[in-house]
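Every number here is computed from the coordinates shown, using simple stated rules; none is lab data. Note that the structure is a prediction, hence the values are computed from the model and not measured. Glycine gets a Cβ as well: all are built from the backbone with ideal geometry, and neighbour counts include every protein chain shown.
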Amino acid sequence: MKGVWNKILNVDLTEKSATTEHVPDDVYAYFLGGEGLAAWVLHKECPRGTTAFDPANRLTFAVGPMQGIKQSGAAKWAVGGISPSINMNAGSAITHAFGIEMKQAGYDAIVVHGRAEKPVYIVIDDDKVRIKDAARVWGKDAYEAHDLIQEKEGERFEVVTTGLAGERLVRYANFQTAHKSFAGRCGFGAVMGSKLLKGIAVRGSQTCPIADPKANDALNKAINKRLAAVNASKPEQFRISHLGTAMATALFAPQGNLPVKNYRLASHPEGEANLGGQSYVEKLNAKPWPCRYCVIKCHNKCEVKHGPYAYKGKGPEYESFAMMGFNLLIDDQEAVAYAGELANRYSMDTISLGGVLAWAMESYEKGVLTSADTYGIDLVWGNASAMVEMVKKIGERAPGLGYLLGEGCKIASERIGHGSEQWAIQMKGQEIAAHNWRAQYISALNYCTGVASGPNHERGNSQHIWVGHILLPEWGIDHVENAERWSWEKAAERNAKFHDYCNVINSAVHCKFQEFASYNLTDLLGTINTCTGLNWSQEEMRRCGERITNLQKQLNIRYGWKTVDDFSYPRRFMEPVSEGVAAGKIPTGLEDAIVDYYRYRGWDDGGYPTAAKLKELGMETIPG
């Protein structure tokens, strides 16, 4: 098969060794690459009983057939492993140029296992691999460590690093590259920390052959031209190259899709006026900061020049300022951006961070936590300075509440008790993202049934049928009515198809934000085929996504998932709000919808893949 090297690099930190492994074509034909390849590695290498911080956990950095081509969105790459937040298999995606350099170094994946005797970082220069002492960078924040490694190894190296939160095993610690992009969810920075791995530097000089370079080049040019034109044609408030994902405030607020006060309120007018939108550009001096080959330019470089929240760096994405702003009733855009900058340097997922801070604020409001617990910090709703101080306490794992909140709100609420579990907005140990299930019931179904990374909006994405007006006409989702957002009819089918779609795109690997400028399944299929030579139909591509979904589900079961986990959703799911377009809307019938999803999948009523379904997919045995 073209578009892949058929080769992964295995790095054993315990033995201080690196070896290459041949991967047969049928593995790629089944699981493509990226997160599919990472799931295959777990299936092969990590048996039942392997845990997130076990040295045997495989942390897989993976690319797919699209990395290295000059298409907008193809700078994406993936990471997979056993997550310390959900204690199951998980995947995350990250962008910029590290994945391209990995591919040019001659590898489809870098698989790290074992645990070093002392802190290390890995240097990969084509086929030369070294494990180096990280004493100089251990204890540094993620950006400082990145710069020191790059200074030592050379500017041509692309680098990933984690910060103090990763070193100190915050369960939702992430890692970053180039000061701008993050493998945000599921705690893979903590997995790095558990292995005493501070970072990886990689550069390559090779070109991976693709099946039809001429057709691929023509396709890339046509797609890039169309995406740029569609983005430019949009009103400024919805133009992603102008606002980045900050444009989502104007899109989501009228739909009741924002998380407000730990999901207790329908709206936050001050926040809607001050977070996102044109004020984002003006207050944060936001400028586009595109990834390689990208024409829609959703990343922003920002600068706050004066005051207590002065900084220069990455601008917050929608999920960040929604969870750290709306969710905490904070409307100070500069404070929210600065708190996000701190989180980025410590290496903390801002979605989970906003979730645990909301749980703590509600606990403080209700007297479950007091100032004696909060280091004297007045942890009331809307207190921006309190938020900033608590971010520091969590990132440094300060004794007491700071350490506890680094465990996530599930563990924190179980330890604190006093009914606080009722307002811990999480499932399976991971905090829920900034999409409100009252605005579209399918969000609740996605949170309950996701198999790739727990309750993860970007591993399901079915909420975008309404909140982003994204359809999959090639797979039969070609028209919806607004009122269907509060109906279970067709929800199982739509949810399953979006799960499979996300698995294909995260295994290809490609950036889903291109969707907002018209990227579609026809573009994706054409690109995969010109890269690989597989000559798939749409049905065959969908079947690939379905195989990956079923493999991830089998891994869930291996690592301890039970049927009850899908039904253990937050009590707040069934608490209505009293105003706005979603007033009185709660996802009644969710339990039946979960079972309908299982049945649509061809699983049994307990959510377990049947032998007949696995046979239909050719998965009686896993290739490779």
### Task
Scan around residue 586 for amide H atoms under 5 Å from its own, H built in the peptide plane at 1.01 Å from N, and keep only partners 5 or more places away or cross-chain.
none
### Cβ-based net charge around residue 144, under 12 Å, with every Lys or Arg adding one and every Asp or Glu removing one
+1
### Query
Which ³J(HN,Hα) values, rounded to whole Hz and listed in residue order, are derived for the range 291-300 from phi using the Karplus coefficients 6.51, -1.76 and 1.60 in 6.51 cos²θ - 1.76 cosθ + 1.60 with θ = phi - 60°, glycine and proline given as x?
7, 4, 6, 7, 9, 9, 6, 7, 6, 10
### Message
Residue by residue through the range 418-425, what is 3J(HN,Hα) from phi via Karplus (6.51 cos²θ - 1.76 cosθ + 1.60, θ = phi - 60°)? Round to whole Hz and write x for glycine and proline.
### Response
6, x, 5, 4, 5, 10, 8, 8
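Please list the helices of the chain that count as membrane-span-like by this rule: a mean Kyte-Doolittle hydropathy of at least -1.0 together with Cα atoms stretching 27 Å or more along the helix axis, each helix being a complete DSSP H run.
Numbers: long enough: 213-233 (30 Å, -0.43); 538-558 (30 Å, -1.43).
Membrane-span-like by this criterion, though nothing is claimed about a membrane: 213-233.
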### Message
I'm spelling it out carefully: the read-out is semi-axes √(5λ) of the Cα gyration tensor in Å, the candidates are (i) 53, 34, 19; (ii) 96, 23, 21; (iii) 33, 29, 25, and one was derived from this structure. Which label?
### Response
(iii)
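Tally Lys/Arg at +1 and Asp/Glu at -1 over every other residue whose Cβ is under 12 Å from the Cβ of residue 284; what's the total? List each step's numbers first, then the result.
Values: positive: 283, 287, 301, 305, 312, 314; negative: 282, 303, 332, 334, 341.
Computed value for this residue: +1.
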### Length-normalised contact order of the range 457-554 in % [C-alpha pairs under 8 Å, at least 6 apart]
33
### Query
All other residues with a Cβ under 14 Å from the Cβ of residue 53 taken together, and with Lys, Arg as +1 and Asp, Glu as -1, what is their net charge?
+2
### Task
Mind scanning 180/585; 44/613; 103/132; 2/287; 7/70 and naming the pairs with a C-alpha gap bigger than 26 Å?
180/585; 2/287
### Cα gyration tensor of the range 229-379 - equivalent ellipsoid semi-axes, whole Å, descending
28, 18, 12
### All-pairs Cα distance distribution in the range 7-203, expressed in whole percent, bin size 10 Å
10, 41, 40, 9, 0
### Query
For the range 580-587, in order, what is each residue's ³J(HN,Hα) by Karplus, 6.51 cos²θ - 1.76 cosθ + 1.60 with θ = phi - 60°, in whole Hz (x at glycine and Pro)?
x, 5, 9, 4, x, 8, 9, x
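Helix-only mean residue ellipticity at 222 nm, the chain, DSSP H runs n ≥ 4 weighted -39,500 (n - 2.57), per residue, nearest 500. What is it?
On the way: 25 runs with 241 residues, N = 624.
Computed mean residue ellipticity for the chain: -11000 deg cm²/dmol.
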